[in-house]
Amino acid sequence: QMWEEAIALGKELAEQYENEMFDYEQLSELLRKQAQFYENIVKVIRPKPDYFAVGYYGQGFPTFIRNKVFIYRGKEYERREDFEARLLTQFPNAEKMKTTSPPGDDIKTSSGQYIQCFTVKPKLDLPSKFHRPVSEQIVSFYRVNEVQRFEYSRPVRKGEKNPDNEFANMWIERTIYVTAYKLPGILRWFEVKSVFMVEISPLENAIETMQLTNDKINNMVQQHLNDPNLPINPLSMLLNGIVDPAVMGGFANYEKAFFTEKYMHEHPEDHDKIEKLKDLIAWQIPFLAEGIRIHGEKVTEALRPFHERMEACFRQLKDKVEKQYGVRAILSGLEERRGSRPRSMVRSFTMPSSSRPLSVASVSSLSSDSTPSRPGSDGFVLEPLLPKKMHSRSQDKLDKDDLDKDKKEKKKEKRNSKHQEIFDKEFKSTDISLQQAEAVILSETISPLRPQRPKSQVLNVMSSERRFSVSPASPSSQLTPPPITPRTKLAFSIQPNLELNGMSSSDIPDVPPPLPLKGSTADYGNLMESQDLISPTTSPPAHQR
């Protein structure tokens, strides 16, 4: 399901098919596959695998993995417990470590086998081509693919413990792992080449948490706008956990910890960060409003009381936030996605301005499938292609155009009638000559006792007939057929006083002409060699080569 990689390879292959091999059949099939891949990226939900950091400590392991850390890519829907069980089957004598902190030298130099395994989060590294906000379905691939940096966050408490608010002194110790190659590659695991650690302050942690929450709401709203058939349960749990203070506590804990005069006095350098946190809290309201609107459209009657309670809590939260942190307008991207059609489709169906007449291309593209895509040959009349609702001209102009059109049609009919008269006059003599030529067919008057002609003579007669046939497509050709001269290869003799052109049936002698001298037995098939077939009054002519 890594369709992005398949598209990149397909583009390389398409370049060869189009510009090197000129194999357009393979190119068309490849482009159809690419179109299907792009559609899958937007519509198909792909599972996100987890990544695990595995450390092999102790002298009991082989040298290529001894005291090294590797990042593994788990299988689809594989939990950490299942991955650990699969890992320990390869090293049945290994001992699983209970902590996630780096081990000491005593464990690394021991003779045993110790395996440390915990889940790490891949760090998103978007390609440079995504220079503007894009759909979550497109970005989700790069959250778990083509990643090389992984992080593991561990909470650390510093200072005095505050029982009322645990966020005030909650620091995050974040470890960053950088692998030798991007995952996934030719392997599902690569060695960690560098490790470094950073500390996140409680205020920075609160900013990251609010940003992740807003992104999560926005992404789920986009998914429901793109696919109305998604189940509503995950959306219900997410919205209720944020809106209802009794569930998660909301951002009221941040207000108690950071928005006090005491904290501002002790940490004056955090003024900009506090303002950023307030801005994120204010931006959460329009995201929640859009999510609750979608939830209200898809909620069932059984969950209607739950939705009404959630709306009541949201109204209270909205009044409080807008009063303290200001009002934020909803993002334009959500409004664009709310429509039933993409923006590109809406633009393609926009009609041209009324001051400019419709062109043939615009009319044919807006017409139905049964409408011809170009005007016909009869005067190029565009009226049948234009629906009545597309007319933007006044009625007076339409009447004037109709009068001009009638005049043009009358002129055309008059011109066509003149052409027809000239055509008939030129071809009248040709028709007479054709009728005379059709009468001169010698094969119609041959006696049934006469043997069949050889194929060579039949072809000669057919070619002579084709010479004086007139093609109707070329009126400027020769109008009279050329005179027919008998070929010397014809074996039968014709009386010298007979004319070949215009001969009547009465001029043909009753006795058929004598047969030529037979050269071989294959000339006349299975006819008998009796001299009775030859006229007794005429003698056979001399054999001619």
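Given their separation in residues at 0.36 nm each and the Cα-Cα distance between them, residue 289 and residue 309 gain 5.8 nm when the chain is fully extended. For region 13-151, the spherically averaged projection of the C-alpha convex hull amounts to 12.7 nm². Between residue 48 and residue 261, the FRET efficiency estimated from the beta carbon spacing at R0 = 41 angstrom works out to 0.40. Considering all C-alpha pairs of region 3-43, those separated by over 17 Å amount to 27%. Relative to the compact-globule estimate of 2.2 N^0.38 Å, the Cα radius of gyration of region 18-67 comes out at 2.36.
Share of carbon and sulfur in the accessible area of region 1-123 stands at 52%, probe radius 1.4 Å. According to the Kirkwood relation over distinct C-alpha pairs, the hydrodynamic radius of region 82-218 is 18.2 Å. Taking other residues whose beta carbon is less than 13 angstrom from the beta carbon of residue 197, and scoring Lys, Arg as +1 and Asp, Glu as -1, yields -1. Distance cut-off 28 Å, Cα to Cα: go down the list 48/298; 75/273; 123/318; 121/298 and report the pairs above it. Checking Cα-Cα distances, 75/273; 123/318; 121/298 exceed 28 Å. Taking every alpha-carbon pair in region 201-330 and binning the separations at 5 Å intervals from zero gives 2, 10, 20, 22, 19, 12, 8, 4, 2, 1, 0 percent.
Accessible surface computed residue by residue for region 147-205, with neighbouring protein chains in place and a 1.4 Å probe, gives 60 Å² per residue.
Can you tally the net charge around residue 68? Count Lys and Arg as +1, Asp and Glu as -1, for every other residue whose Cβ sits under 14 Å from the Cβ of residue 68. Result for the local shell: +2.
The values are calculated or read from the model by the stated rules, or taken from the named source; none is laboratory data. In this text, all values refer to a predicted model and were calculated from it rather than measured experimentally. Note that we place each Cβ from the backbone using ideal geometry, even for glycine, and neighbour counts take in every protein chain shown. Quick note on the areas: whole protein, heavy atoms, side chains included, nothing else; ligands and nucleic acids left out. Shrake-Rupley method; radii C 1.70, N 1.55, O 1.52, S 1.80 Å.
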